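The structure under discussion appears below in the form of structure tokens.
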Amino acid sequence: MIYLLQQGLNALQLGSIYALIALGYTMVYGVLTMINFAHGDFFMVGAFLCFVGAVFLKLSVIPALLLTMIGLAILGVTVERVAYRPLRKAPRVSLIITSLGVGMFLENLILAFNPYPQHIPQFIPDINWNFGGLSLSLLQLLIIVVSILLMLALNFIVMRTMVGTAMRAVSWDKDNVELIGVPVDQVVAITFALGSSLGGAAGFMYSLSYPVIDPYMGVLIGWKAFIAAVVGGIGDIRGAMLGGYILGTLEILVAAFLPSTCRDFVAFSLLIILLMVRPYGIFGKPKTQKV
Amino acid sequence: MNKQIGLSVLAVAAMIFFPGCGNNSGSPTVKIGLIAEISGQIPAVGASCRNAALLSVKQINDAGGIDLGGKKYLIQLLVEDSASKADQAAVVTQKLITQDNVLAIIGPNSSGNALPASEIAEQSKTVLITPWSTNPKTTINAKTGTPKKYVFRACFTDIFEGRVMGKFCHDTLKAQKAAVLFDVATEVFKSQAELFRKSFEAAGGKVVGFETYTTGDKDFSSQLTKIRNAGPDVIFSPSYYTDVSLQVQQARRLGIKVPFVGSDGWSTPELIKMCGKDCEGFYFCNHYSADSENPATRDFVAAYKAAYGTTPDDVAALTWDAFGLLWQALAKSGSIDDREMLRQRLSEGQSYKGVTGSIVFLANSGDPVKGAVIMRIKDGKFVWSSDSQP
Amino acid sequence: MRNKISQKRISFFSRRRFVIPVLTAFFILMLLLPRYHLLNPYLQQVLMYIGINIILAESLNIINGFMGEFSVGHAAFMSIGAYIASILTVKIIPASMLAIGFPLAVIAGGLAAAGVGFLVAIPSFKIRGDYLAIVTLALVMIVKSIIENIDAVGAARGFMGMDRLTTPAWVFFWTVLTVWVTRNFLYSNLGRGMLSIREDEIACELMSVNTRKVKVMGFVVSAFFAGVAGGLFAHLIQYINPSMFDILKSTDILIMIYLGGIGSITGAILGATTYTLVLELLRPLGIWRMVILPLCLIVLMIFRPRGIIGIKEFSWFFPRTDKRVQIKERV
């Protein structure tokens, strides 16, 4: 029982990080119907900004997190302006290839300057609590709490503010919503800023839990978070969060009860079965097609 | 429009297919090729390898070149990137051998690249020395099972390392039960894990946990929880140093108090920075010890530090020794372009006293007879603990 | 009134009568390449890489370009083809029969991959678009994970022992075959059905296109050629391991077809050739090669979003029309 609870805590922690990254994918998809494959690399840049903040600027946790999130927001808006906006009218796949290119560029740029993996020194005091065999660390608690807070904040922004309403309007019908006065370019920029800063926050917290960073760390995580976003129903914020937690839980539980070698195999097969049951993801809405 | 496109593609193709027009004339040089994993998944390995190679060549060239039969020749080092991909490794090997006409090749380091490169080198009858590939199959012809004639390595093999660590854990650390945690997708660590298990059980111990993860995983909590429940005396983790620090941290958080033991993947000094106090007292197997009293080692470490600012890791040390082997054999062969003569001199069995120990190749084998070093992490430094001779 | 008959001007070499002779001439050239060292082995290897990449690009083009889906799973098909072909030539076929055994092994690899392609086609009946992309992505990870757990084929250590059976002639043969089959498939009934699925799936169901059959055939043919490419690849490098066929390989193939032109046979050939050549050409840049390459890709995508050649085709690929096009002009 304790074992299950322990693994449950691990799953919550990993799931929170996947959820944050998946949120970034989903927001951009909702607004632009585009999959930003560079998002995993935004996550990696977030981890590196954390490193810069910790080692060179000697900041403490909250300022470093703010630095990461703001830095990523700027990066996201810049990439959108330079690489994605010219392709607004182009076929969707061109955007996908461009995003792959942006991702490769970011990875290799950082690699060119620094090929060695880096270590992030301890930010957070190493406090562990033990509840009768169940160990919880301050770090784990922090990650889960901060992630949930960020997700609630995002939900608030999207559901209760004018900006959020504008974002939802653009995701509903990008081409015609300008007629009623919604500034699509600005809304897209804000969406990118929000989504990228969430990805950066995920990178920040990931690098706190696993303090070794290298330029390729975002690749696999990015693809996995993409799967999480789609399984939850891409375009839907609740879907991204749920998808992230489902993927994190599946991975941890499969490794806990089955030989760890078949973890990937079982987890992804289960995901395919889930998709076959709900072909549009859990919260996804089937798109009506006019014939 | 189509014509323009066609012409530009043709132009690009022509640039590749008709090169070599600008061959530098001037005094003849000895051309050596280096294949390193500069971009791709393991850039740290490629960077260390390249640094050590450039340093070694620079030392020779600063002294006026290598002395072959009374005349001095400068060394021209051609560095190619294998991007840690087997097909790239194969094509750059071809390029170096057939287009650039190098005398010998040093590299690649990772076995996944070294294997295809060694096939091509063997078929083209060119000497290839891999500094770091510990996979036994690199120097063996896969079809016939006999050793390759032109492929050598500067390090010991996984077989030796697994044996050493198995015996060490049982005999020296007096562990009865061991658990293993390793990356199933990286063949080096997988073979080290399996060979450790064989050797530990042959010595009389029992392996109570054999957990795996995949390259890039950072979360080992479920595996470590399982290991904790199995109650081992020691945990063998033949992993890359970046993973080790995470494993130790997470193990501590889960309340695991038993020591970890490692393989040569641990050997970068960065490990101490990452792992800190948690790793105090752990042992691992290494190719060389940076604080050894050996004068060759001291000179190398000092020169590397002066040039690059960090202590050299084992990849750098092995690359340095691979080049040292090459210079020794080259000096004896006396020719700047005779590959066969170079091969003969290399396999003649003359011992080379390198930074990583004394290296000698027995007849018909590309695997050197050399010992391993057991290191201990003490007071925040790597300290030599004992030597393990074959 | 006089009727004028004018002849459509086709450039001299585009006439269809030149197809067979030109291809035969090239084939003979490829046979002679290794024998007489017309090109050094490095350039021969680059040529063979180009050929294999063309096969991969064409096979992905069937699903991504013609059927309009988004598949990132071709690395898995390539992996299966590579392993099956290698196991056959190393463990099962005796050395004396390798000359005939090699093409059979490659075909067997392709068939095995096609079988898995059939399995992937089944979810595609209900799942479309990005959701299908997930299924193909999961396939890559599943295949990689399965192979890593099978010690008999070396698991993560990899599989080796293959002879260097892939020659420029074989690669040329398979490349031409792939392009020929793809082109004929495109202009067949099934191919027309595929294109209509891409445009509007519901409408084409109403027009009695058997969408299930078309999808299955599309996946099967596509996977077959990806498997063939895998078999050729394995016998060129003489070493394979599961991490060679990961998601990065799939995205490489994706870049090749979208670089050249979406949904165009010529585009796939052009994209594969350009990508391979530029990768080799930029070698002198060292570590900056992989920074400049994606930058060029992004710039290219911004200025030519449909790829280098867009949706245009080389005229050899169009179906045969009358030699003279009759245009009646009223004078």
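Brief remarks on what is shown
- Looking across A:Tyr3, A:Tyr84, one residue alone is farther than 23 Å from C:Leu300 by Cα, touching a residue at least 40 places away in the same chain (Cβ under 8 Å), out of contact with any strand residue (DSSP E or B) (no Cβ under 6 Å at 6 or more places or on another chain) and of a type in the set (Phe, Trp, Tyr). It is A:Tyr3.
- Any hit, region A:97-110, residues being more than 21 Å from B:Glu270 (Cβ to Cβ), more than 7 Å from every other protein chain (Cβ to nearest Cβ) and hydrophobic (A, V, I, L, M, F, W, C): yes
- Residue list for region B:120-137, restricted to those being surrounded by fewer than 24 Cβ atoms within 10 Å (Cβ to Cβ) and either within 19 Å of B:Asp81 (Cβ to Cβ) or in contact (Cβ under 8 Å) with a residue 60 or more places away in the chain (or both): B:Lys125, B:Pro136
- Residue within region B:68-78 that is within 14 Å of another protein chain (Cβ to nearest Cβ), more than 29 Å from C:Asp246 (Cα to Cα) and at pLDDT 90 or above present: yes
- Matching residues in region B:299-348 - criterion: being of a type in the set (Asp, Glu) and either part of a helix (DSSP H, G or I) or not assigned by TED's automatic domain parsing to the domain that holds B:Ala36 (or both): B:Asp299, B:Asp314, B:Asp321, B:Glu340
- The residues of region C:232-258 that are over 19 Å from the mean Cα position of the chain (by Cα) and either without any contact (Cβ under 8 Å) to a residue 12 or more places away in the chain or not in a strand (DSSP E or B) (or both), listed by number, are C:Gln238, C:Asn241, C:Pro242, C:Ser243.
- Within the option set B:Ile120, B:Ile106, B:Ile42, B:Ile97, being assigned by TED's automatic domain parsing to the domain that holds B:Leu330 and either in contact with a Phe, Trp or Tyr (Cβ under 7 Å, 6 or more places away or on another chain) or over 30 Å from C:Asp163 (Cα atoms) (or both) holds for one residue only, B:Ile106.
- Across region C:21-46, the qualifying residues are those that are surrounded by fewer than 24 Cβ atoms within 10 Å (Cβ to Cβ), among the polar types (S, T, N, Q) and within 14 Å of chain B (Cβ to nearest Cβ), and the one among them that is farthest from the chain's Cα centre (by Cα) is C:Asn40.
- When residues of region C:243-277 are limited to those that are β-branched (Val, Ile, Thr) and within 13 Å of chain A (Cβ to nearest Cβ), the one nearest to C:Gly310 (Cα to Cα): C:Ile262
- Subset of region A:55-67 [under 22 Å from the mean Cα position of the chain (by Cα) and surrounded by 13 or more Cβ atoms within 10 Å (Cβ to Cβ)]: A:Val61, A:Ala64, A:Leu65, A:Leu66, A:Leu67
- Of the strands (runs of 3 or more DSSP E) lying entirely inside region B:122-218, those carrying at least 1 residues that are farther than 24 Å from B:Ile256 by Cβ are B:127-130, B:151-153.
- Residues satisfying the stated conditions in region C:109-152, i.e. closer than 30 Å to B:Val188 by Cα, among the polar types (S, T, N, Q) and part of a helix (DSSP H, G or I): C:Thr136, C:Ser145
- When C:Tyr49 is tested against (1) facing another protein chain (nearest Cβ under 10 Å); (2) without any contact (Cβ under 8 Å) to a residue 12 or more places away in the chain; (3) assigned to a helix (DSSP H, G or I), just one condition goes unmet, and that condition is (2).
- Sole residue being touching a residue at least 12 places away in the same chain (Cβ under 8 Å), buried (at least 23 other Cβ atoms within 10 Å of the Cβ) and aliphatic (A, V, I, L, M), chosen from C:Val106, C:Val181: C:Val106
- Close Cβ contacts (under 9 Å, 6 or more residues apart or on different chains) running from residues in region C:141-157 that are more than 9 Å from chain B (Cβ to nearest Cβ) to residues that are assigned to a loop (DSSP other than H, G, I, E, B) comprise C:Met141/C:Asp246; C:Val143/C:Gly73; C:Ile147/C:Gly154; C:Ile147/C:Asn241.
- Test: C:Ala223 is within 20 Å of C:Leu60 (Cα to Cα) and in a helix (DSSP H, G or I): yes
- Considered as a group, the residues in region C:118-133 that are hydrophobic (A, V, I, L, M, F, W, C) and within 21 Å of the chain's Cα centre (by Cα) include one that is surrounded by the most Cβ atoms within 10 Å (Cβ to Cβ), and that residue is C:Val120.
- Complete set of residues in region B:186-209 that are surrounded by fewer than 24 Cβ atoms within 10 Å (Cβ to Cβ) and either more than 19 Å from B:Gln176 (Cβ to Cβ) or within 9 Å of another protein chain (Cβ to nearest Cβ) (or both): B:Lys190, B:Glu194, B:Leu195
Matching residues to (1) in contact with a Lys or Arg (Cβ under 8 Å, 6 or more places away or on another chain); (2) within 12 Å of chain B (Cβ to nearest Cβ); (3) without any contact (Cβ under 8 Å) to a residue 40 or more places away in the chain; (4) surrounded by fewer than 24 Cβ atoms within 10 Å (Cβ to Cβ):
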site	(1), (2), (3), (4)
A:Lys174	no, no, no, yes
A:Ile180	no, no, yes, yes
A:Ile190	no, no, yes, yes
A:Ser197	no, no, no, no
A:Tyr210	yes, yes, yes, yes
A:Ala229	no, no, no, no
A:Gly232	yes, no, no, no
A:Gly244	no, no, no, no
A:Ala267	no, yes, yes, no
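- Which numbered condition C:Val209 misses (of (1) part of a helix (DSSP H, G or I); (2) away from chain B (no Cβ under 14 Å)): (1)
- Restricting B:Thr212, B:Thr225 to residues that are at the interface with another protein chain (Cβ under 7 Å from one of its Cβ atoms) and more than 24 Å from the chain's Cα centre (by Cα) narrows the list to B:Thr225.
The values are calculated or read from the model by the stated rules, or taken from the named source; none is laboratory data. All figures in this text were calculated on a predicted structure; none of them were measured in a lab. Every residue, glycine as well, gets a Cβ built from its backbone with ideal geometry; the counts of neighbours run over all protein chains shown.
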